[in-house]
1. Restricting to the range 16-30, what's the tally of residues that are farther than 16 Å from ILE74 by Cα and surrounded by 15 or more Cβ atoms within 10 Å (Cβ to Cβ)?
2. Can you go through ARG306, ARG264, ARG337, ARG281 and tell me which one is farther than 19 Å from PHE192 by Cβ and in contact with a Gly (Cβ under 8 Å, 6 or more places away or on another chain)?
3. Looking only at strands (runs of 3 or more DSSP E) that fall completely inside the range 153-265, which ones have 1 or more residues that are modelled with pLDDT of 95 or more, β-branched (Val, Ile, Thr) and farther than 24 Å from ILE103 by Cα?
4. Tell me which residues, restricted to the range 115-158, are buried (at least 16 other Cβ atoms within 10 Å of the Cβ) and touching a strand residue (DSSP E or B) at 6+ places or on another chain (Cβ under 7 Å).
5. Scanning the range 306-326 for residues that are hydrophobic (A, V, I, L, M, F, W, C) and farther than 21 Å from ALA75 by Cα, which turns out surrounded by the fewest Cβ atoms within 10 Å (Cβ to Cβ)?
6. When you look at ARG101, is it buried (at least 21 other Cβ atoms within 10 Å of the Cβ), of a type in the set (D, E, K, R) and more than 29 Å from SER153 (Cα to Cα), yes or no?
7. Out of all the residues in the range 96-109, is one or more assigned to a helix (DSSP H, G or I) and within 20 Å of the chain's Cα centre (by Cα)?
8. ALA88 is checked against (1) outside any helix (DSSP H, G or I); (2) over 15 Å from the mean Cα position of the chain (by Cα); (3) buried (at least 21 other Cβ atoms within 10 Å of the Cβ) and fails just one. What number does that condition carry?
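The values are calculated or read from the model by the stated rules, or taken from the named source; none is laboratory data. What you see is a predicted model, and the numbers here were worked out from it, not measured in a lab. No Cβ is skipped: glycine too gets one built from the backbone with ideal geometry, and neighbour counts run over all protein chains shown.
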Amino acid sequence: MEFGMFHEFPTRAGRSHAAAFDEALAQVDAAENWGLDALWLAELHFAPERSVLAAPLTIAAAIAARTRRIKIGIAVQVLPLCHPLRLAEEVATVDQLSRGRVIFGVGRSGVVHTYDAYGVAYGESRDRFREAMDIIKLAWTRPGCSYRGQYHSFTDISVVPLPCQAPHPPIRMAASTADTFPMIGELGLPIFASARTVPWSDLAPSIRRYREAWAASGHPGKGEVYVSVPVYLAETADKARADPERSILWFYRYQADLQADSARRTGAAGTARAARGERLRQLSYDQALNDHLLFGTPSMVVERLRALQDELQFDGILAELNCGGLLAHEQVMGALRLLCHEVMPQFR
């Protein structure tokens, strides 16, 4: 199983942005030294109460310079907000600097106010995503390529540099709604699923539909699944339960507000989004622990993770060790140490 850490580079009231970067990069260094497989970077814009991670590829380049082994993943790059040729250049540059350690995670995001701020219509996001993905793969694999599309057109362009990995970095795609799982299976791409806002019980049928679509489309293998999940470990079960409570509950109320705002901005199309937001607003801490999180002592987490892997047949996790961003640096480092030293070895 692949073990990664999902990071938002969180900020808190009263702490400088410089301190937020320093703490996050110290955690990156520890992940490298303690043998974690991958470090995953979010992309979050215009959220000063939450994160300083607005430029994941810039941070990825900094991580490439200070590490030698760990994979550097983007989870996820919001394709409709980027010019695909510029993005192809920047991802390839980081892949070269890291000597082929980039994993390119892609998605559309459901945060509509970000689209509004950038002047991109959210209703165009699905078509813009497809076009950007086509262009990026074309630019990485064909010199002197040309393209005529709805949003982008160019003639005889050669992207430099090309990626270190041939033909290009591995691509994984986020699935946020039930209908996207089979669509990604048809495309033959590994998938990101998330237990953050979708109960474990609802992930099973979605993953099954993804793999059915994968097989029906004739792709080899079974399709790789990676699950993003809030994780917290401590030396005792009581501490593992108590430490993250305030942060977890803040996160779900924040997500409820995001969903409600996006629902308002999308009008009638936001009805399902509004319902999801209301469910998150009513979520109790016990429900979050049971339905969305992995928490406990290392032995508890190993047992629960084995059961979930047997049920869902996933290939790796993106452990969010500070969901909500309110945990102290020392608490995150302690959870990371236990994950690397006591949980990971049980799956090798």
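1. 5
2. Matching residue, one of ARG306, ARG264, ARG337, ARG281: ARG264.
3. In the range 153-265, the matching strands (runs of 3 or more DSSP E) lie at 153-157.
4. MET133, ILE135, LEU138, ALA139, CYS145, TYR147, ILE157 - these are the residues of the range 115-158 that are buried (at least 16 other Cβ atoms within 10 Å of the Cβ) and touching a strand residue (DSSP E or B) at 6+ places or on another chain (Cβ under 7 Å).
5. Among them, the one singled out is ALA307.
6. Answer is yes for this residue.
7. Within the range 96-109, the subset assigned to a helix (DSSP H, G or I) is 96-97.
When the remaining residues are screened for being within 20 Å of the chain's Cα centre (by Cα), the result is none.
For the range 96-109, residues assigned to a helix (DSSP H, G or I) and within 20 Å of the chain's Cα centre (by Cα): absent.
8. (1)
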